[in-house]
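Heads up, the thing below is written out as structure tokens.
The values are calculated or read from the model by the stated rules, or taken from the named source; none is laboratory data. As the structure is a prediction and not an experimental result, all values here were calculated from the model. Methodologically, a virtual Cβ is constructed for each residue, glycine included, from the backbone with ideal geometry; neighbour enumeration extends over all protein chains shown. These area figures cover heavy atoms from the full protein model, side chains too; ligands, DNA and RNA do not enter into them. Shrake-Rupley method; radii C 1.70, N 1.55, O 1.52, S 1.80 Å.
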Amino acid sequence: MALNRFPVDATASPFAGATLALVRPRLDNAGAQRRNADNVPLWEYDLTIIPKGRRPEILPVTAPSSTTPAYAPNCRVSIRGCVASHYSIRENGRVSDGISFSADAVTPVGQKND
């Protein structure tokens, strides 16, 4: 459950140099592809980012796309309308906190947004 949503400047480092590692359907617990409020399928883009002075990291970003994304691995991407959401899940006496990222679109640099 998202408690807070914060806008992310995806034109700033480390997002500005993000490259695509992998894209796959965003699935629910039953294995069905999730959809947004407009019934557009959601995809999870694993992006490689390099925070200043640190090792590269894989950052998953969820975004809608009406077509199956067909991006080449390691291509630079542009992230439009990125937000970070805090979540806290309580299950079986355990608490899992974290931050998830979602965007309006993730597109290869040089292509128009979906």
Legend entry - Positive minus negative residues near Leu22 (Lys, Arg vs Asp, Glu; Cβ under 10 Å): -1
Inset, instruction - Please list, in chain and number order, the residues 5+ apart from Trp43 or on another chain whose amide H is under 5 Å from its amide H, with Hs placed from the backbone. - result: Arg26, Ala63, Ser65
Legend entry - Contact order relative to length of the chain, as percent, for alpha carbon pairs under 8 angstrom and 6 or more apart: 29 percent
Inset, instruction - Once you have the Kirkwood Rh of the chain from its Cα pairs, apply Stokes-Einstein at 4 °C and 1.567 mPa s and quote D in µm²/s. - result: 87 µm²/s
Inset, instruction - Give the long-range amide H neighbours of Ala10: residues separated by 5 or more places, or on another chain, with amide H under 5 Å away, using H modelled in the peptide plane at 1.01 Å from N. - result: Cys82
Inset, instruction - Please list, in chain and number order, the residues 5+ apart from Ala105 or on another chain whose amide H is under 5 Å from its amide H, with Hs placed from the backbone. - result: Arg80
Inset, instruction - Compute the FRET efficiency between Thr67 and Asp28 as 1/(1 + (r/R0)^6), taking r as their Cβ-Cβ distance and R0 = 22 Å, and round to the nearest 0.05. - result: 0.60
Inset, instruction - Could I have the simple spin-label model distance between Asn39 and Phe6, label points 7 Å from Cα toward Cβ, reported in nm to one decimal? - result: 3.6 nm
Inset, instruction - Order Leu22, Leu59, Leu47, most accessible first, counting only protein heavy atoms with a 1.4 angstrom probe. - result: Leu22, Leu59, Leu47
Inset, instruction - Could you tell me which of Pro51, Phe15, Val61 has its Cα farthest along the dipole of region 9-65 towards the positive end, charges placed at Cβ (Lys, Arg +1; Asp, Glu -1), taken about the Cα centre? - result: Pro51
Legend entry - Solvent accessible area, Å² - Ile99, 1.4 Å probe, full protein context: 110 Å²
Legend entry - Fraction of beta bridges assigned by DSSP in the chain that are antiparallel (%, nearest 5): 95 percent
Legend entry - Theoretical gain in end-to-end length, Asp97 to Ala21 [0.36 nm per residue, Cα-Cα removed]: 24.9 nm
Legend entry - Calculated FRET value between Val109 and Ala84, using beta carbons and R₀ = 22 Å, to 0.05: 0.50
